[in-house]
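The values are calculated or read from the model by the stated rules, or taken from the named source; none is laboratory data. On a predicted model such as this, the values are computed, not experimentally measured, just so you know. Because the Cβ atoms are built from the backbone with ideal geometry, glycine has one as well, and the counts that use them run over all protein chains shown. Side chains included, ligands, DNA and RNA excluded: accessible areas come from the protein's heavy atoms. Shrake-Rupley method; radii C 1.70, N 1.55, O 1.52, S 1.80 Å.
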Amino acid sequence: MAQTKPKAEPKPKAEPKPKAKSKSKSSFDLKQMLIAKGEYILLAGAALMLGILMLMGISHWGSAIDPNDISSKLTRPAETLQRSINDANANVSDADLAAAKLPEWLEKKPNYNPIPVSDFKTTGPLFDPIAKPDTKKENPVVLPIGLYQADLIRAAMPGYDITSDNENRGAKIGVIVSKKAGAQEKDKQQQFAKTIRDRGQAGLAASRNLGQGNKPGGGPPMPMPMPMLPGMDPMAFQDPAGYGANPYGGESNTFNMSAQRFEKAIEYVPLDELDKAIEQGKTPAMTVIPLRMITIHAEVPYKRQVEEIQRALRLPSLTDAQAWGPIYDGYEIQRRVTRTTNSGNIEVIQDWPADNKPNYQFEDKYVELINSRKLADHFEDGFLSYFISYDMALALPLPQLVPEIGSYPDIRLESINATIQKFRDSGKKSVEPSDLIKRLQKRPPREKLYTPQTAQGTGAAGVFGEGAGFGGPMVEMDPGGGMPVVPGMGIPPGGPGAPPIRLGDPMNQQAAPSIDIEQLLMRFVDVDVQPGYTYEYRIRLRMLNPNHGLTKEVANPAYATVTELFSPWTQIADQITVPSESYLYAINPMDFRKKIEDEYSKERELRDQLQAKDNQVVVQMCQWMEQVRTETGGKREPVGSWVVGEIPVGRGEYVGRKQYVKLPLWSSESNQYVLREAAEKIVTSPFKKNVPQPKGWLVDFTTKSVLVDYEGGKVTTRSATGKTVTEDAATELLIVRPDNKLLVKTSLVDEKDENRKKITEGWDKWISEVEKRKSPTSGMGGDNPFNRDNP
């Protein structure tokens, strides 16, 4: 067998030899050079740049202009121009002057009025563009009051003659003898007596809470500056005498609620014994009660508040929001009272509170002075009832006034009046008093203070007939007096035992104002004001929280625990000063002399005593009097009106004295003002038994001012023909006041004074109307259930 040769193993390939480098390629390495020589290169470059900069600086320095040369070139033209200006002979053309005149906007100083921050208060949460919308409810912001008007009212209201006994802290009521009632009238007697007794005792309790007297801080009023609040009656703030507050009168002008009247037909019995007096045929007597009060009417932004509730409660429409509110629960008041002393310093009687709480319990004062005595309330014009929400305690009722001597001012708020005009143009029906009371009856009771009452509600209609309250609406009412009303829900709603109002209930929609009413009308009444004092107010609204108790529906559970929400305090911008109620005028003495001659033509001796002498001038004194006093026992008779008297005065004599004037005083027998004669005899004679007496009532006009000198009056002159002529000339008086200040009064000026004309015209009209009455017509009769014979 042939053997096979083994295959030879392959030889390994030889590695290729490296090629030789080309001798023509450069061997320079920039990177290696920068690493090795970079710092030297940078230093060299910096040195080069420094050298260049040095050369440039040397070149610039060498070519610089001499500063003295520049200054000289500027100074020489300026001096030349100044010499030209100072040269009086320099000719300046009108064209040059016109061209040099600065425009008016440069010469006139701009007037930048600061914008009050309060005008742009944030009434809602600020807009946050990146915030996540919250679908849960939050508490709405309570919007503050808007525009307002303030009025000073001096008048008299018919009322029950209830006096307080300061010693025994009890109360008495004036009664007048009537006919005894039948047996079937006993229930009415008892109900009526209970109504009057409860109101009188409530007024006494309120006075105890507030302390003695009506004057804040006590003491006599002091003269004060008299700034006028915009919108107020300017006639009420004039003081032509310049005396300040109450300079005249030797007695206090503050009405004394504790004093008893002088009228002989009246007797006073304890209030607790009124039932017994009525059974004996004695019924309460009607009197007049003087009122001095400041009223503030303000707009409440109702529609905007509904929109705020819609936003806060995430509601789809305004109609849905109305079912949740707003339900206001009245308002709160902060008050500051000041006066100016004789030295010109401001004395603070009542200051702003240190905390955020109210410091003036105005409701107690209202109960004490008005609600406990009034016969009936004043019902506004029918359209105003759409704006006034008595059921939410936004407006205190205004007592009815004696129309002869007082009335309420009109509402001057433009938005309210504009809406009323739209209602009239559209033929919308006005609200009658009976409709208003029926509407208020639908709400659960809280208290009767904010309910307007008719004469039947106070019991006056049953005593004084249909004339009670001087023409007030006669609406069938419960003899207990007043309509039950809830001003909001209350805490708890409706008071103890009252069914609660649930927000969102259709009942609220029925009672809510129309959405066309953009503004509600709030009314605050301050009956505790005196002349010489300045009053400042802050007002905030109180609204019931629609989220109260709805813990699971609000964004924060704390929202649901708040019962009431408050608006920010709104301060009435202007200080309200109650001005002087006494004015002095110089008048033509000839008119006074003629008046005395006509009235006492048959009583020569009396005429000579009352007539102005040749060495006297005549002053006219106008004073708003709450009351006049009798000469016996310190008793008083209420007036509540301006009283005018003309008084002769000579050089060196006190200005003013006790003077007889024709003064209408209230008669409880005839229930009207009558001209009553004073009972005292001041003129006596040992030779005559019945000496004629002055006509009228003795009124105290005494002052401590003295007539220093005068010109005019009865003047005797000689004519060109030599005839002697005596005539009454215009008078000019120089008077020194108790504060040693001089006062000049001129009859030519005073007789044209608008304030004097307004007062005297009203006075003359009142006297004329009282004199024309042929016989007093008593209101005690007709439908009076206590004035009937037994059947």
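When ligands, DNA and RNA are left out and all protein chains stay put, how many square angstrom of accessible area per residue does the stretch 275-388 have with a 1.4 Å probe?
Here the per-residue accessible area is 33 Å².
Which of the pairs Lys595/Lys658; Lys594/Lys757; Lys594/Lys765; Lys172/Lys765 have their Cα atoms more than 23 Å apart in this structure?
Long pairs (Cα-Cα over 23 Å): Lys172/Lys765.
Accessible area per residue of the stretch 526-578 at 1.4 Å probe, in Å²?
Accessible area per residue, the stretch 526-578: 34 Å².
According to a simple spin-label model (label point 7 Å from Cα along Cα-to-Cβ), what is the distance in nm between Thr80 and Arg773?
In this crude label model, Arg773 to Thr80 measures out at 10.0 nm.
Sort Asp753, Asp29 by heavy-atom solvent-accessible area, probe 1.4 angstrom, most to least.
Asp29, Asp753
What percent do you get for the relative contact order of the stretch 334-375 when only Cα pairs under 8 Å and 6+ apart count?
33 percent
Would you check the accessible area of Leu398, probe 1.4 Å, heavy atoms only, in square angstrom rounded to 10?
Number for this one is 10 Å².
Return the subset of Lys374/Lys429; Lys695/Lys772; Lys704/Lys741 for which the Cα-Cα distance in this structure is over 21 Å, preserving the input order.
Violating the 21 Å limit, Cα to Cα: Lys374/Lys429.
How large is the charge dipole for the stretch 325-425, taken about the Cα centre, if only the Cβ atoms of Lys, Arg (+1) and Asp, Glu (-1) carry charge, to the nearest 20 debye?
200 debye
Where does each of Arg339, Arg83 land when they are ordered by accessible area, with a 1.4 Å probe and the largest first?
From most accessible down to least: Arg83, Arg339.
If each residue of separation counts as 0.36 nm, what is the full-extension length gain between Asp87 and Glu39 once their alpha-carbon separation is subtracted?
So the extension gain works out to 10.0 nm.
Based only on the alpha carbon positions, what is the Kirkwood hydrodynamic radius of the stretch 564-671, in angstrom?
Result for the stretch 564-671, one decimal place: 17.5 Å.
So if I place +1 on the C-beta of Lys and Arg and -1 on the C-beta of Asp and Glu, and nothing else carries charge, what would the dipole magnitude of the stretch 575-641 be about its Cα centre? I want it in debye, nearest 20.
Rounded to the nearest 20 debye, it is 40 debye.
If you rank Trp766, Trp642, Trp105 by how much accessible surface each has, with a 1.4 Å probe, what is the order from largest down?
Sorted by accessible area, descending: Trp105, Trp642, Trp766.
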